[in-house]
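Participant: Below is a structure I'd like to ask you about.
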Amino acid sequence: MVGMMGIIPAFLQGQEKPVRGQVRDSESTPLEGVTVQVKGTRTATATNANGNFSINASNGDILVFSLIGYQPRELTLQNQMVVNIQLTAESRSMEEVVVTALGIKKESKKLGYSAETVKRQDLLQNRTVNVMESLEGKVAGLDISPPAAGAGSSTKIRLRGQSAFAGAANSPLIVINGLPMDQGARSSNGWQPAYDLGDNMQQINPDDIESMTVLKGATAAAIYGSRAANGAIIITTKNGQRDQGIGIEYTSNFTVNSVLDFTDFQQEFGQGQGGQRPTDVGSAISTGMLGWGSRMDGEPIVNFDGVMRPYAPNPNRIKEFYRDGTVFTNTVALSGGSDKGNFRASFSNSGAKGITPAPDNRYTKRIFNLGLNHDLTKKLHFSFNANYTKENNENPPQVGAQGPGAPNFLTRMSTSIPLAAFRESAVAENGTERQTSGFQGTLLNPYFAKGREFILNDRDRFLGTATLRYDVMDWLYVQGRYNYDYSVSKLEFNTPTGRGTSTPFNNNGQGPGFNGMYHIEQAKGTEINTDFLVGASKEFGDFSIDLSVGGNIFKRDVGTFIDEVEDFTVRDLYSIQNGINKTINNYTIFRDQTNSLYAFAEFGYKGMLYVNLTGRQDWFSVLNPEANSEFYPSVSGSFIFSELMKEQSWLSYGKLRGSWAQVGSANGIPPFSNHLFYDILPNQLHGRTLGTILGTRSPNALLRPFSVEERELGLELRFFDSRLSFDIAAYEKVTTDQILPVQISNASGYTDTQQNVGSLQNRGMEFMLEVIPMKRDNFRWTSSFNASLNTTKVLSIAPGTDRFVAQRFEGNEFIGALVYEVGLPLNQLSANTYLRNENGEILLNDNGRLLQGPVVNFGSALPKWVGGWTNTFTYKNLSLSMHFDFKAGGKVLSSSALNGLRQGHTKASLIGRREGENGVVFDGVYRNGEKNTIAVNPQDFYTDYRNLQIADPFIFKSDFIKFRNIALTYNLSDYVKNKFGFIKGLTLTASCRNVALLYKDLPDYDPEAFASSGDNRVGYEQATVPTTRNYAFNLNIIF
Amino acid sequence: MKKIKYLTLLGTICWALSGCDKNFETVNTNEYGVTNIDPALLFSNAERLTHVGAWEGEQTIVQQFVNAYNLGATAGFNFNEDNNNFNIPKWNSCYENAVKLLVEAIQIAQEMPARVNLMSMMRIWKAYVFMTLVDTYGDVPYSEAGKAYQQIIFYPIYDDDRAIYEDLYNELKSAIASMDPAADYVTEDFFYGATGSAAAQVAKWQRLGNSLLLRLGMRYTKVDPEKARSIVQEAVDGGVMQSNEDDAYMVFTNAYNSTLNDGPVVNAYYYYLAEPFVNQLKSTEDPRAKYIAGKYADPNAVLSSVPDVTLANQFGFPVGYDQNNVAQHPNFRGRAGTGFNYSQLNYAIIGNPFAPLFYITHSQTKLLMAEAAHRNWINGSAQAYYEEGIRASMDQWSLYPNTPDNAISEQEKESYINHPQVVFNTANALELINTQYWISNIGNGTESFANFRRSGFPALTPNRYNNNLNGGFVRRMAYPDDEMSENPTNYQAAVAAMGGDNLSVRVFWDIE
């Protein structure tokens, strides 16, 4: 391995002649560092950055081309002077060659920053509907959190922590075949919306992925400029292979999602209040959500619908309600190639039935992918990639809000009401929802919603990249590229007539129609990137230089039509024409442009010392024209010190790397935000037109991009023939001039304004260890562990403030706030605490009831530690992989725990009504210091937590350890190849995801069961669908 | 040398693209956005959005209404709790709507000298909105309010409540005087935009302005009676409202519902009329009662059933009780359906989402004049004004949905006015007049709350639940919690100036 990295002078031998040539990969990208050796001799050289080599050899000699990560090739010389050859990547490649920014492949040794390649099998053995979810706990520094929001939901992706305050796009840039795009999570955000419509990662079929590289630091991303302030994930899709016939690959995957119910509610006391069970229909309704009744004895009592049913617990209501979800995915791919080019076309169909039956949640997607490479001439290469996705999401479950959606309803209704009652009596005589509880507006029966309420989202997206590359000279090329991203989406949803209210008639029966709402919107967007790149590389003795200059124009244009009406002439007919009142009726646009110029240079010495410099200038259309551009520099270097220690056989590889970069981002500054707009309301009132000022944000024309400065040091070591590998990185990332929607006094007429304020610091370490403890002829055990430690600290907010409320969980969100406070870790969960005396004892009033103490911070919602441990055992063709992952060091505020306590459902609510108890005698003191002896009615006592907003009992650690995945793979390729010649490969995999939750602190829920993949609702638990255990079966056949 | 080449190349590209941001101004211009607007359209919307209080806010403080349930976050003025949820509606609604729109519209209209009448109407209406803010909170942002975009004032100072009143006086005087019958006619105006001519509209607005000035003057009754007298005289001399035709009110529709009535419909069984108010209606056989109070078989089925409006069957929920301890009340009336067997709003009429909101009325004006006459500040008969105020109040009910054109007959009015507990007598004049003011403003809690503090009437018994106010009444609403964190410096200064930020602090005109 070491030999190929240097340039070993060729020896002159008899009859030899100089042979020149170029080595490229299957996409015609020149490969650098390929060892070219005359077989059986010590004559060898390596290709330069343009893939070119020159070696002296004789006719009949065999040239051996080898590069780690690629299948070696041999070629017998027969009078040629020029040899052009292609190497094919090995499937377990990418350890050494990394696809970096702008799709340039580099040997990892040259990189002065962290770039980690995802193992493809991690994506395939551990399939999830959203490809990113399968990476949870796999890559150090990559924090993936999948919300519990149904099939087709987004994932939260954070690299090296949250780098900017909520409001900016904090997920890394996704680059597919050179096409950059935002992750674009359309996550639940409380009421607006209360469901998750997925993200752009959904539009990638894991079977199409050739490689995926995570560029963690700002240096890696510096060249992508502002959009990659949070790092980048570079995805290359598969291509066909040259010089091969047509091949067909078929993959089929079937997954069953089985609901995990972690609730462990009290099953002793039934519906009612004051220790009394309901005696009539009225009280059966008004106490439907209260578990403060008497001890359940199975005697019949009246339910909300007037039917008598046993007064008995229903502990399995959640499992009874949800169903097994399924996902069935089939992919067929056709590939082939000639000496001039190659192609691969694939089609994938994926259909998911979500676990939520009411309303019926289904998700389907179809993905068509095409990759083409062609040499137009010897010097002119053309490549084209296209990806077309059609997604259809029906009824994503409503989560994270108190309102429509089953999660909230199922966990907040008294256990003594059986699920069947809700199902059988969902509808009242007049066709409205039958009232089930005293929280009529917010606890909505999902069985009423079924068939009446809908959320439908269709999305079509086309991604296309065309690249033309001209090799001017063997050391110089020019490349032009055009990326086109076109998407159309349609969203419709309704509020059915009679939902939650007791009458289908609007306005007391006097109104002209039936109540309800219907909304439809259609958005059409394009993102176009046009770029050019001029690259040159040369070697001068021990020195090598690689220079590139490029430019990019990025344009984004989205137009959205929205129509929304309220109240209908014809009942239950949801259409715009049937609507009586217009509520929204508009067309809005989003348009911006970023122009960029960039250059980067790499200087190498003896293949062991590399220095990289980059610089990029961005011009932003959204900024004040007086100051609309920013310059982003970076410098990085690597030192492969093992080159100096070649005699030390125990050390296979040793590299020290370091980098510094400055990146900025205009993320979070919407276009036109410098101007105030007016609007005309959709309906007239008494024939008069109403005007208004659009929005509640005071425009700020003077915004600048925020900037991210990152430093990184890393050490990479491999010992004993790479049986033990070790990588450690330490970084510090400081984000300044953040764009924060600063809350301003409402008396100013507006609620907030965007300002360049505040700075954040992310500091952390990433750690990876891979050991091969056992390696026999037929058996191999690989164990890899990764962990990252990250703390995100708020360094400053606006001048004069040291505390900023990012999100108040108020009103229907019950309790607390998400707060940024200077000097503390980001995302503090904040709420009132108990009032205490100077001895720290909890003070109570003279009636033994709670008193409200000050607002305090209960800790950060962000985990400090994220990591995973994978063990893979391979025996012959059988491979068993087990993955564990964990997060630790964060806090969660459980509003479900608050509601469960005050409504008498959780086990905590038993305190005060157990045998011999007359009420809650809280462990506290009166103002005079005497210990409390008064017993308070438990319902009254626990309701005070809600009234007084005291959060102490509802704060938990969000830590968990999960046995995430187990996968058994049987590769039958050898067998089928021998048996049936036309089958080249066959692999079977069976796997289980979410095998076991080994540790958690949060009661009744999975600590990962949160609603949003955004940054506003971090650490806030409320009403999510249950998490699932997934059983998957996968078949892959290659013809 | 090669490097030089590249640098040259780079330089060339930069030069070629030095217009790197050339088209950016076009790119960043939203051609679908509205950037110019007729200020009159903002004004009409401001009229529509003017806030008159909330059932669970002001009407609860003055014991007309109560949310009987303590289920968490529902404890506010009903249980003597200082709950941000119930303090913020007025603040947010005023500043984010009427104040924001009027400040912007006034700025635009400043460039339009021909629209002097529009400008004056907006100034008068802005004075009205700020008067309600001062009455509710005391010191409030005034001179710097609503100017985040115009002047980049994100953290407005709080002006002294007394000083704001001084300025409101000047504004009203000046705006009334600037109106010109020969100038612009503002048809967008909801109140008088259909009068047919600028002259008629100006006359109406001048009467509105003077009626507001009368109200402003009356507020000084306790703190500076001499000033009160002088302003009241000035207002009456200027010409106040003469009939219900002059009332400033809004009627709502299916598309735009009353901003007052969106609350107590959901979980309606929480909400009842309060005992003192129902007792007042009952003891005087008030003909307005049938439009206000109703008993529903199921207090939650208020939209789908017809209430019993028989006066004798009406019972208000006792003040100072919640859903649990009301059973211990000596006259507990028991449960009904989902809730309790007490009177609720008549949801077909006063609780209707189409119900009109009355801002400044002939009834209010006449009742204030009755008190002024009783105090000998103005000429005329206190009794005549008193009776006219009552009749005017009764006539307002004709504008409610589901009431006949003559909602209350002359005969009903006559017999009510002569009811022993209603009939005017000088000895008891202040209580009689201001009790009528309380009833007249059942739909305008902001005004009845202010007048209750100013006059001390009706004679209500303090709510003793939790006794957080030590037997006192709510004297003002606390500032929104947001101000503490979002405008801390000015907030702290205001709290210092007010002498605290709780429900017992008094606004400047409300001295003990």
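The values are calculated or read from the model by the stated rules, or taken from the named source; none is laboratory data. The model shown is predicted, which means the values in this text are computed figures rather than measured ones. Glycine also receives a Cβ, built like all others from the backbone with ideal geometry; neighbour counts cover every protein chain displayed.
Participant: Could you grab me the full set of residues in the stretch A:533-549 that are part of a strand (DSSP E or B) and either at the interface with chain B (Cβ under 9 Å from one of its Cβ atoms) or among the acidic types (D, E) (or both)? Steps first, please.
Facilitator: So the first thing to find is which residues in the stretch A:533-549 are part of a strand (DSSP E or B), and the list is A:533-540, A:543-549.
A:V534, A:A536, A:K538, A:E539, A:I545, A:D546, A:L547, A:V549, listed by residue number.
Participant: Is it the case, given these coordinates, that A:D940 is in a helix (DSSP H, G or I) and among the acidic types (D, E)? Full working, then the answer.
Facilitator: Values: in a helix (DSSP H, G or I): yes; among the acidic types (D, E): yes.
Yes, satisfied.
Participant: Another one. Can you find, within the stretch A:735-794, the residue that is farthest from the other protein chains (Cβ to nearest Cβ) among those that are among the aliphatic types (A, V, I, L, M) and more than 29 Å from the chain's Cα centre (by Cα)? Talk me through it step by step, then tell me what you get.
Facilitator: In the first step, residues of the stretch A:735-794 are kept if they are among the aliphatic types (A, V, I, L, M); the result is A:739-740, A:742, A:744, A:747, A:757, A:760, A:765, A:768-769, A:771-772, A:774, A:787, A:789, A:794.
So of that shortlist, the ones also more than 29 Å from the chain's Cα centre (by Cα) come out as A:744, A:747, A:772, A:774.
Working: A:I744: 4, A:A747: 4, A:I772: 45, A:M774: 52 Å.
Looking at the filtered set, the residue picked out is A:M774.
Participant: Hey, another quick one. Are any residues in the stretch B:389-402 under 14 Å from B:Y416 (Cα atoms) and buried (at least 21 other Cβ atoms within 10 Å of the Cβ), and if so, which ones? Reasoning before the result, please.
Facilitator: Just the residues of the stretch B:389-402 that are under 14 Å from B:Y416 (Cα atoms), to begin with: B:389-395.
B:G389, B:I390, B:A392, B:S393, B:M394, listed by residue number.
Participant: Consider B:E447 against the criteria (1) at pLDDT below 95; (2) part of a helix (DSSP H, G or I): it satisfies all of them except one. Which criterion is unmet?
Facilitator: So B:E447 meets the others, but not (1).
Participant: Follow-up. Among the residues that make up the stretch A:702-717, is at least one of them within 14 Å of chain B (Cβ to nearest Cβ), within 30 Å of B:Y192 (Cα to Cα) and either modelled with pLDDT of 95 or more or in contact with an Asp or Glu (Cβ under 7 Å, 6 or more places away or on another chain) (or both)?
Facilitator: Taking the stretch A:702-717 as the starting set, the residues that turn out to be within 14 Å of chain B (Cβ to nearest Cβ) are A:702-703, A:705.
Subsequent filtering for residues that are within 30 Å of B:Y192 (Cα to Cα) retains none.
No.
Participant: Can you find even one residue in the stretch A:182-198 that is more than 13 Å from the chain's Cα centre (by Cα), under 30 Å from A:D618 (Cβ atoms) and basic (K, R)?
Facilitator: No, the stretch A:182-198 contains no residue that is more than 13 Å from the chain's Cα centre (by Cα), under 30 Å from A:D618 (Cβ atoms) and basic (K, R).
Participant: Taking the stretch A:620-672 as the search range and keeping residues that are of a type in the set (D, E) and within 14 Å of chain B (Cβ to nearest Cβ), which one is nearest to the chain's Cα centre (by Cα)?
Facilitator: Taking the stretch A:620-672 first, the residues of a type in the set (D, E) are A:626, A:630, A:643, A:647.
Then keep just the ones that are within 14 Å of chain B (Cβ to nearest Cβ); that gives A:626, A:630.
Numbers: A:E626: 36, A:E630: 28 Å.
Ranking the qualifying residues of the stretch A:620-672, first place goes to A:E630.
Participant: In addition: Restricted to the stretch B:328-350, and to residues that are in a strand (DSSP E or B) and either at pLDDT 95 or above or not basic (K, R) (or both), which residue is farthest from A:T279 (Cα to Cα)?
Facilitator: Let us first name the residues in the stretch B:328-350 that are in a strand (DSSP E or B), namely B:335-336, B:339-340, B:344-345.
Going one step further and asking which of them are either at pLDDT 95 or above or not basic (K, R) (or both), we end up with B:336, B:339-340, B:344-345.
Working: B:A336: 12, B:G339: 13, B:F340: 14, B:Q344: 24, B:L345: 27 Å.
Ranking the qualifying residues of the stretch B:328-350, first place goes to B:L345.
Participant: Would you please name the residue that is nearest to A:P705 (Cα to Cα), looking only at residues in the stretch A:582-593 that are of a type outside the set (D, E, K, R) and in contact with a Lys or Arg (Cβ under 8 Å, 6 or more places away or on another chain)?
Facilitator: Only one residue tops the list, namely A:Q593.
Participant: Filter the stretch A:563-615 down to residues that are more than 12 Å from chain B (Cβ to nearest Cβ) and charged (D, E, K, R), then give me how many there are.
Facilitator: Residues in the stretch A:563-615 being more than 12 Å from chain B (Cβ to nearest Cβ) and charged (D, E, K, R): 6 in total.
Participant: What number of residues within the stretch B:110-164 satisfy the criterion of being in contact with a Pro (Cβ under 6 Å, 6 or more places away or on another chain) and either crowded, with 24+ Cβ neighbours inside 10 Å or assigned to a strand (DSSP E or B) (or both)?
Facilitator: The number of residues fulfilling the criteria is 4.
Participant: Counting only residues that are of a type in the set (G, A, S) and over 25 Å from the mean Cα position of the chain (by Cα), which one in the stretch B:162-198 is nearest to the other protein chains (Cβ to nearest Cβ)? Reasoning before the result, please.
Facilitator: Our first condition is that a residue be of a type in the set (G, A, S); within the stretch B:162-198, this holds for B:163, B:174-175, B:177-178, B:182-183, B:193-194, B:196-198.
Add one more test, that the residue is over 25 Å from the mean Cα position of the chain (by Cα), and what stays is B:177-178, B:182-183, B:196-198.
Numbers: B:A177: 27, B:S178: 23, B:A182: 24, B:A183: 20, B:G196: 15, B:S197: 17, B:A198: 17 Å.
Residue satisfying both the conditions and the ranking: B:G196.
Participant: Within the stretch A:212-231, track down each residue that is among the polar types (S, T, N, Q) and farther than 24 Å from A:F532 by Cβ.
Facilitator: Quick first cut of the stretch A:212-231, residues among the polar types (S, T, N, Q) only: A:213, A:219, A:226, A:230.
Listed by number, the list holds a single entry, A:N230.
Here's the yes/no breakdown for (1) buried (at least 23 other Cβ atoms within 10 Å of the Cβ); (2) closer than 27 Å to B:P225 by Cβ; (3) within 14 Å of chain A (Cβ to nearest Cβ); (4) not polar (S, T, N, Q):
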position	(1), (2), (3), (4)
B:A459	no, yes, no, yes
B:E486	yes, no, yes, yes
B:T489	no, no, yes, no
B:M498	no, yes, no, yes
B:N502	no, no, yes, no
B:F508	no, yes, no, yes
B:E512	no, yes, no, yes
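Okay, residues lined up against (1) over 30 Å from B:A228 (Cα atoms); (2) free of Cβ contacts under 8 Å to residues at least 12 places away in the same chain; (3) in a helix (DSSP H, G or I); (4) away from every other protein chain (no Cβ under 14 Å):
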position	(1), (2), (3), (4)
B:N352	yes, no, no, no
B:L368	no, no, yes, yes
B:N376	no, yes, no, yes
B:Y385	no, no, yes, yes
B:A392	no, no, yes, yes
B:D395	no, no, yes, yes
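Participant: Further, regarding this structure: Contact list please: Cβ distance under 7 Å, first residue in the stretch B:404-433 and assigned by the TED database to the domain that holds B:R391, second residue surrounded by fewer than 13 Cβ atoms within 10 Å (Cβ to Cβ) and among the aliphatic types (A, V, I, L, M), pairs at least six apart or on different chains.
Facilitator: As it stands, the answer is B:E431/B:A459, since those pairs meet every condition given.
Participant: Would you mention how many residues in the stretch B:123-153 are under 25 Å from B:E188 (Cα atoms) and away from chain A (no Cβ under 13 Å)?
Facilitator: 7
Participant: Identify the residue in the stretch A:410-459 that is assigned to a strand (DSSP E or B) and buried (at least 17 other Cβ atoms within 10 Å of the Cβ) and, among all such residues, is nearest to the other protein chains (Cβ to nearest Cβ).
Facilitator: Step one: of the stretch A:410-459, the residues assigned to a strand (DSSP E or B) are A:427, A:433, A:455-459.
Next cut, buried (at least 17 other Cβ atoms within 10 Å of the Cβ) only: A:433, A:455, A:457, A:459.
Working: A:E433: 13, A:I455: 22, A:N457: 24, A:R459: 23 Å.
Among residues in the stretch A:410-459 that are assigned to a strand (DSSP E or B) and buried (at least 17 other Cβ atoms within 10 Å of the Cβ), the one nearest to the other protein chains (Cβ to nearest Cβ) is A:E433.
Participant: If you take the residues of the stretch A:632-661 that are polar (S, T, N, Q) and buried (at least 19 other Cβ atoms within 10 Å of the Cβ), which of them is nearest to A:R711 (Cα to Cα)?
Facilitator: Taking the stretch A:632-661 first, the residues polar (S, T, N, Q) are A:634, A:636, A:638, A:642, A:648-649, A:652, A:659.
From what's left, buried (at least 19 other Cβ atoms within 10 Å of the Cβ): A:634, A:636, A:638, A:642, A:659.
On the way: A:S634: 10, A:S636: 9, A:S638: 14, A:S642: 24, A:S659: 6 Å.
Checking each candidate, the answer is A:S659.
Participant: Then there is this: Could you pull out the residue among A:H675, A:H686 that is at the interface with another protein chain (Cβ under 8 Å from one of its Cβ atoms), within 28 Å of B:A46 (Cα to Cα) and in contact (Cβ under 8 Å) with a residue 12 or more places away in the chain?
Facilitator: Numbers: A:H686 fails: in contact (Cβ under 8 Å) with a residue 12 or more places away in the chain.
Of A:H675, A:H686, the one residue that is at the interface with another protein chain (Cβ under 8 Å from one of its Cβ atoms), within 28 Å of B:A46 (Cα to Cα) and in contact (Cβ under 8 Å) with a residue 12 or more places away in the chain is A:H675.
Participant: Next question. Specify which of the listed residues (A:D944, A:D940) is within 14 Å of chain B (Cβ to nearest Cβ), closer than 30 Å to A:K891 by Cα and touching a strand residue (DSSP E or B) at 6+ places or on another chain (Cβ under 6 Å).
Facilitator: Working: A:D940 fails: touching a strand residue (DSSP E or B) at 6+ places or on another chain (Cβ under 6 Å).
Exactly one of A:D944, A:D940 is within 14 Å of chain B (Cβ to nearest Cβ), closer than 30 Å to A:K891 by Cα and touching a strand residue (DSSP E or B) at 6+ places or on another chain (Cβ under 6 Å), namely A:D944.
Participant: Here's a follow-up. With the requirement that a residue be in contact with an Asp or Glu (Cβ under 6 Å, 6 or more places away or on another chain) and either crowded, with 19+ Cβ neighbours inside 10 Å or over 19 Å from A:D264 (Cα atoms) (or both), what does the stretch A:278-322 give you?
Facilitator: A:Y311, A:I318
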